[in-house]
Structure formats: structure tokens, C-alpha cells
Amino acid sequence: SRIQLFSQDVLSKDEQFMLVSKLKPWNFQGGRYIIKEGEIGDMLFIIERGVCDACKCLNDQEVVLTQLKKGAFFGELAVMFDMPRTASVRAATAVTVLSLTREDITTVIGEDKISKMQILAKAQVFGSIPILAKLTAAAKNTIARRLQPKTFYKGDVIIDHDQAAQRLYIIESGSVMVKSSQDEKGQQLLAGTSFGMDMLLYEEPYELQVTVFSDQVKTLSCTLPDILASAGTGEQEALERQMQRALQMWLLHSVCLNGESDKQLANALRKCEVLEYKQGATVFQKEETLTSVYIVIHGVFAPDSFKPQRRTEVRGNLVNASPISFGMEWASSDGPVVAPYTLKAETSGALLSVPLAVAHPV
């Protein structure tokens, strides 16, 4: 089985055959939606014939993320948990899919194996969390086993603005309100959403307040040590560097290169430089000639003429405080520019220095 939930690592051949006997065929004409983003579902689908588009709503527009062909599958998270679909899947041609419901699985598989399948399904959530998305399946499964469940009740504050980020959270059920200190009103978020990723690696303040909106909210969470423990002995430093690099690519994508592919972002990052600063150090002086845009990786950096604003950003299933950058206003300049203000490090920290030609490619 190509579907990890149903592989021989989890199920016997007899159990696999019993599940195959429960597969139900469905036919869809081109343009019809098989599943829709945000809907609660309990079915997994396998494409038997035809081509589908996996789509997501980004900036109020539906964007095709990838095409799925014969043998591809989707819905492995929904088949195990009551969580909203993380993307839509639409038939691009006439399509035949085979479905399997949660009831089909629970009537065939014992509780011990259901628990193992649920761990594997939870690991699928990490695909939408940039610092974890490129980890191996084995590492994701190890982290999934370490996820700590916790229930909060209406009005509880799960995280607060000034609280140091020590946990990455995933909403398993229920809804929350999220708000930055600069937001006039909060945004309601549903199951499947994660928060805390952007600050976790450096234990920076969350810069967000997340409050329970529904009667209760169930969360899953993990710490940085939980994540690092997924690496073998002597490999934790390499894993931390990998996640730091993934965070830097995400910052590039968020601030200035949001239309680029992972390969393009990786190429762009190679042209950038990470600059470390001690508290009180000057990054640049007013009227100094500049050739880069600066993105905050961690720490607090203070211009002498304004206070940076942080808003709540929601992209797919990820919520974060908007990254802080200095210089996007001059990124479109053809050549070096004169700094309109002085920038200093209010705490020790690091900036990603992005050459103007990278920040605003022609």
C-alpha cells in the first residue's frame, strides 16, 4: 500500500484485503469538487482514473497547488479525525475515485492499530508547517507520538502576546480567536490551524493572543526538544540548522518572494546572509548607502523614527504575527539607496540580509 496508514508496517495482509473489499467507486465530471477546503469529512479517496487539481484559497483566490493522477490519494487526516479539509480537490478531467470511510476502518481494524494509524495521520498536519514540512516521514511520526493533548475551555487564553514561545500548537477541535497587539479585532480560526511555529526556534514572544471561542478546544502541542528528539544521536544540531533554514525560506516567501517555488526560494536564500547583532549594535545609520532589505529572524530591532507593526497573518492552516522587515519600501530601487532612518538592535538578535536584486527580481 502506498498509503502509509494502510502499509504493512501497520496492517496485516488480511486486514489490507478486508479494507480493499470496502472501497466504494465514485464518478465525477471535470470541474466537479470531490472535497472542499474547510469542510469536515470522514472519507479518504484514491484516484482510480483521471486527473484532479488540489486547490487552496490564498488571498481570496483559488490557487492550484498540484495535480493528482492515478494512484494518488487524499483525505488521510479527515478519515481519522473530525478536522476540516486543508485543501479542495477538483476533478480536472472525468475522474473515478475509490473511497474509504472512518466506519469502514473501525469495523475492520482493532483499537491498538487504530491508535497507530491516528499517530500517522497526525503527522500529516506537519506538511503545512514550514519548519517541519521537509522532515522525513519517520521523524514526523516520532514527533506525532510526542504530541501532548490538552483541553481548554471558553475564555481560556492558550497563548499570550509576551509569553515566550515554548510550544507549537495545533487545534484538534473547536475554534479560537487570535489577535495581535495591533489588531483592532480578532480572527476566528478552526480545527487544523497551527500557531507558534515562527517563534519556537528562538523562544521569542508569541506576539499573538489566542483565546478559546467555542465551548471547548482540544489542542495538540510539542516543544522544540520534542522535535529535536526525532533526530538520531549526534544529528540534532543538523536538524536544528535544517529548521532554521526552512524558517528563513518561509520569511523570504512571506516578505518578498511569495510567488516563488521552494527551489527558487532555496536559490534566493543562498544569495542572502544571516547577520548577528549584540544588544545596542547599529545595523545601519541614517543616510548610509544600502544595498539590502533586512528581515528579522529573531530579536528586537528598533528604527529611530517609527515602531514596526505586527498584524495577524493567516496563510492556509498556519497563523503567525506578520514578520518584521526593513527596506521593502526601497526594494524596487534600481541601485543603492540612502537609508531614511537609523536601525539598532534593541536586544541581541539576527537579521536576514536580502540583496535588493533578490528581494525585487526583475
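The values are calculated or read from the model by the stated rules, or taken from the named source; none is laboratory data. Here the structure is a predicted model, which means the values were calculated and not measured. When we count neighbours, we look across all protein chains shown, and the Cβ atoms used for this are built from the backbone with ideal geometry, even at glycine. Each accessible area value is taken on the protein alone, full model and side chains, heavy atoms only, with ligands, DNA and RNA left out. Shrake-Rupley method; radii C 1.70, N 1.55, O 1.52, S 1.80 Å.
With each label modelled as a point 7 angstrom along the Cα→C-beta vector, the F306-T282 pair spans 2.2 nm. Within the listed set I171, I295, I105, the residue fluctuating most in the Gaussian network model of the chain (springs between alpha-carbon atoms under 10 angstrom) is I105. Label-to-label distance for V63 and R32 is 2.9 nm, based on points extended 7 Å past Cα in the beta-carbon direction. Here the extension length gained between V51 and E260 equals 72.8 nm, from 0.36 nm per residue of separation less the Cα-Cα distance. For segment 163-316, the square roots of the Cα gyration tensor eigenvalues, ordered a ≥ b ≥ c, give a/c of at least 1.5 with a/b no greater than b/c, which places it in the oblate category. Residues within the reach of a label modelled at K271 (point 7 angstrom out along Cα to beta-carbon, backbone nitrogen below 13 Å), restricted to segment 285-306, are 292-293. Helical content alone sets the calculated 222 nm signal of the chain at -6000 deg cm²/dmol, taking -39,500 (n - 2.57) per DSSP H segment of four or more residues and averaging over every residue. For F213, the solvent-accessible surface with a 1.4 Å probe is about 90 Å², rounded to the nearest 10.
Relative to the dominant Cα principal axis of the chain, helix 111-123 is inclined by about 30°.
A Förster radius of 25 Å combined with the Cβ-Cβ distance from E240 to R145 puts the calculated FRET efficiency at roughly 0.80.
Rounded to the nearest 10 degrees, the inclination of helix 137-146 to the longest alpha-carbon principal axis of the chain is 90 degrees. Residue order by solvent-accessible surface for M83, M328, M43 is M328, M43, M83, largest first, with ligands and nucleic acids left out and a 1.4 Å probe. Computed over the chain, relative contact order equals 15 percent, with contacts defined as Cα pairs under 8 Å that lie 6+ residues apart. Taking 0.36 nm per residue of sequence separation and removing the Cα-Cα distance, the T106/E203 pair yields an extension gain of 30.9 nm. Comparing E288, E313, E203 in a Gaussian network model of the chain, where Cα atoms under 10 Å apart are tied by springs, the biggest mean-square fluctuation is seen for E288. Checking the cross-link pairs K179/K307; K134/K271; K134/K218; K70/K116; K122/K271 against a 29 Å limit on the alpha carbon distance flags K122/K271 as lying beyond it.
Kirkwood hydrodynamic radius for the chain: how many Å is it when counted over pairs of different Cα atoms? Present the calculation step by step, with values, prior to reporting the outcome.
Numbers: mean 1/r = 0.0448 Å⁻¹.
Mean inverse Cα-Cα distance, inverted, gives 22.3 Å.
Quick one: grab the alpha carbon gyration tensor of segment 37-125, order the square roots of its eigenvalues as a ≥ b ≥ c, and give me rounded if a/c is under 1.5, else prolate or oblate depending on whether a/b is larger than b/c. It comes out oblate by the Cα gyration axes.
Residues I40, I129, I114, sorted by accessible area with the largest first, give I40, I114, I129 [1.4 Å probe; ligands and nucleic acids excluded]. Excluding S88 itself, calculate the net charge of residues whose Cβ lies under 15 Å from the Cβ of S88, where each Lys or Arg counts +1 and each Asp or Glu counts -1. Combined, the nearby Lys, Arg, Asp and Glu give 0. Taking GluC sites (Glu not before Pro) across segment 11-91, the ones in a DSSP loop with at most 12 further Cβ atoms lying within 10 angstrom of their Cβ are E39. Summing charges over neighbours of R310, with a neighbour being any other residue whose Cβ is under 13 Å away from its Cβ, gives -3 when K and R count +1 and D and E count -1.
Largest accessible area first, the residues K179, K24 order themselves as K24, K179 under a 1.4 Å probe with ligands, DNA and RNA left out. Once the Cβ-Cβ distance of A229 and S181 is raised to the sixth power relative to R0 = 25 Å, the FRET efficiency obtained is 0.15.
FRET efficiency for the pair A92 and K24, taken as 1/(1 + (r/R0)^6) with r the Cβ-Cβ distance and R0 = 30 Å, rounds to 0.90. Computed from Cα positions, the angle between helix 236-255 and the longest principal axis of the chain comes to roughly 70 degrees. Here the Karplus curve 6.51 cos²θ - 1.76 cosθ + 1.60, taken at θ = phi - 60°, turns the phi angles of segment 315-329 into couplings of 10, x, 9, 10, 10, 7, 6, 4, x, 9, 9, 10, x, 4, 5 Hz, with x standing for Gly and Pro.
Residues whose amide H lies under 5 Å from that of E204, counting only those 5 or more places away or on a different chain, are A165; hydrogens are built 1.01 Å from N in the peptide plane.
Each part reduced to its alpha carbon centroid, segment 238-259 and segment 291-360 end up 14 Å apart. Using Cβ point charges alone (K and R +1, D and E -1), the dipole size of segment 118-243 about the Cα centre works out to roughly 580 debye. The charge dipole of the chain, taken about its Cα centre with unit charges on the Cβ of Lys, Arg, Asp and Glu (plus for the first two, minus for the last two), comes to roughly 960 debye.
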